[in-house]
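Here the structure comes first, spelled out in structure tokens, and everything after it is commentary.
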Amino acid sequence: MSSQTRTLHSVRDASGQVTARVRRTVLPSGLRVITEQLVGARSASFGVWVGVGSRDETATLHGCSHFLEHLLFKGTPERTALDISISLDAVGGEFNAFTAKEYTCFHTRVLDADLPLAIDVLGDMVTSSLIAAEDVEAERDVILDEIAMHDDDPDDVAHNLFAEQAWGSATPLGRPIAGTVGSIEALTRAQIRRFYRRHYRPENMVIAAAGNLDHADVVRRVKRAFGRGGFLEGQAAPVGPRHLSGRKPRMSSGLIEAVRAFEQVNVVLGVEGHSRNDDRRFALGVLNTALGGGTSSRLFQEIRERRGLAYSVFSFASHYADSGVVGVSVGCLPSKLEEVLAVVRDQLRLIATEGITLDELERGKGQLRGGLVLGLEDSGSRMARLGKAELVHDELLSIDEVIARIDAVTLAQVHEVAAEVFSRPEILAIVGPA
């Protein structure tokens, strides 16, 4: 099978000139390369999106995805860890990675002239990591420090507890991404190497790039950089929908608490939401914005502006392949906790029974439109949008298509979503002093 290339979207200015073009190539190995050419840009962003995250781990391998993310920076047969750092530091490049529950991403942003270097460095790292024994031991201590850092952050602790209560500590969705002290101390080099070989395969990866680039040139350089050691040889193995077993993860309501010597009490209160491909996510997005998405939102006005109960309060919606959550996060003084919870619950009941106002609907849509467009002003955001859409969504909507779906949301749809989700049993996590 030969490579298959097609153009997904083109954007033209008033004179008819193309200002942006999205193209996609699938190599015989199954590796997908998707780019967005931005006329007039002087930078380029490049990312490797791998379809593996903490949700793909057994209890024995808890934390392995994140551990592996660290190790891929530690050297290859061609480059030491210092060589990797110097190569992109020397050209002023931004370089990082992150692990999520359903994917891992390695990304860099450079001047357009330095994109060939970025492709070669990331290709080398992702396909040819040594995972040396001494690096495993050194990085083990770094990750244990990172876990301790998160354990000192009350917001992180509260959100991890919320996930544990929602999905259970025995399930991948309910466990913290970084692992625990016990799981990280128990992981062996052999386990990590097997995990690397099993999941870091061409058919499980998406290459995304955006900026001043040429698609055909990017594809040629990807073939060269990722072809090391025969990585791209052979035909693609079939890959089915990930995390879609036909049975939704079971969620549990209830209260979970942890005592920490913090000055504040941190609270996360939420309910089951929608999966990432549910069409109702656009109505939920408008609802989320009206509820706690900005300084004009109900929760900010009620809790901070009118009552002075807390400095920070916001709502959120998290989407996964077959599940999701909608919630409120707030930090307050211990003496204010009961009143804060009462106000949050009152607002959720009110919005479930009456919906939102027309003004809130229009503000919510405007906020989503503005956030979408302003967030795509740099090549890094464009690259991330391409990579996530290709790896985890069923479709890549153009910016205009997304805006059209936002604009199509009605008051009735928002009310229907609010009535549905906020009638579900609540999940509550509280972290703070005894």
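The set of residues in the range 290-322 that are more than 30 Å from T171 (Cα to Cα), without any contact (Cβ under 8 Å) to a residue 24 or more places away in the chain, surrounded by fewer than 19 Cβ atoms within 10 Å (Cβ to Cβ) and of a type outside the set (S, T, Y) comprises Q301, R304, E305, R306, G308.
Comparison of E395, E420 shows that the only residue that is within 28 Å of S252 (Cβ to Cβ) and either acidic (D, E) or not assigned by TED's automatic domain parsing to the domain that holds A283 (or both) is E420.
Name the strands (runs of 3 or more DSSP E) wholly within the range 39-130 that hold at least 2 residues that are of a type in the set (V, I, T)?
Qualifying strands (runs of 3 or more DSSP E): 43-50, 104-111.
Annotation: of all residues in the range 77-92 being touching a residue at least 24 places away in the same chain (Cβ under 8 Å) and surrounded by fewer than 21 Cβ atoms within 10 Å (Cβ to Cβ), the one that is farthest from S54 (Cα to Cα) is V91.
Between E164, E134, E185, E139, the distinction of being modelled with pLDDT of 95 or more, farther than 30 Å from V265 by Cα, among the acidic types (D, E) and within 24 Å of the chain's Cα centre (by Cα) belongs to E139 only.
Inside the range 275-303, residues that are more than 19 Å from the chain's Cα centre (by Cα) and in a helix (DSSP H, G or I) make up a count of 12.
Would you point out which residue out of S54, S15 is outside the structural domain of K388 (by TED's automatic domain parsing) and either out of contact with any helix residue (DSSP H, G or I) (no Cβ under 7 Å at 6 or more places or on another chain) or surrounded by fewer than 16 Cβ atoms within 10 Å (Cβ to Cβ) (or both)? On inspection, the qualifying residue turns out to be S15. Looking at the range 148-205, the helices (runs of 4 or more DSSP H) lying wholly inside it that each contain 1 or more residues that are aromatic (F, W, Y) and assigned by TED's automatic domain parsing to the domain that holds A225 sit at 154-167, 189-199.
Every residue, every condition in (1) exposed (fewer than 12 other Cβ atoms within 10 Å of the Cβ); (2) within 23 Å of Q301 (Cα to Cα); (3) among the polar types (S, T, N, Q), yes or no:
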{"residue": "G324", "(1), (2), (3)": "no, no, no"}
{"residue": "S335", "(1), (2), (3)": "yes, yes, yes"}
{"residue": "L350", "(1), (2), (3)": "no, yes, no"}
{"residue": "I356", "(1), (2), (3)": "no, yes, no"}
{"residue": "D378", "(1), (2), (3)": "no, no, no"}
{"residue": "E390", "(1), (2), (3)": "no, no, no"}
{"residue": "V402", "(1), (2), (3)": "no, no, no"}
{"residue": "V409", "(1), (2), (3)": "no, no, no"}
{"residue": "E416", "(1), (2), (3)": "no, no, no"}
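For the range 1-45, filtered to residues that are over 21 Å from M205 (Cβ atoms) and hydroxyl-bearing (S, T, Y), the residue that is modelled with the lowest pLDDT is T19. I'd like to check something: does the range 309-319 contain any residue that is part of a helix (DSSP H, G or I) and among the polar types (S, T, N, Q)? For the range 309-319, residues part of a helix (DSSP H, G or I) and among the polar types (S, T, N, Q): absent.
The values are calculated or read from the model by the stated rules, or taken from the named source; none is laboratory data. In this text the structure is predicted, and so the values were computed from the model without any measurement. Every residue, glycine among them, receives a Cβ derived from its backbone with ideal geometry; neighbour counts consider all protein chains shown.
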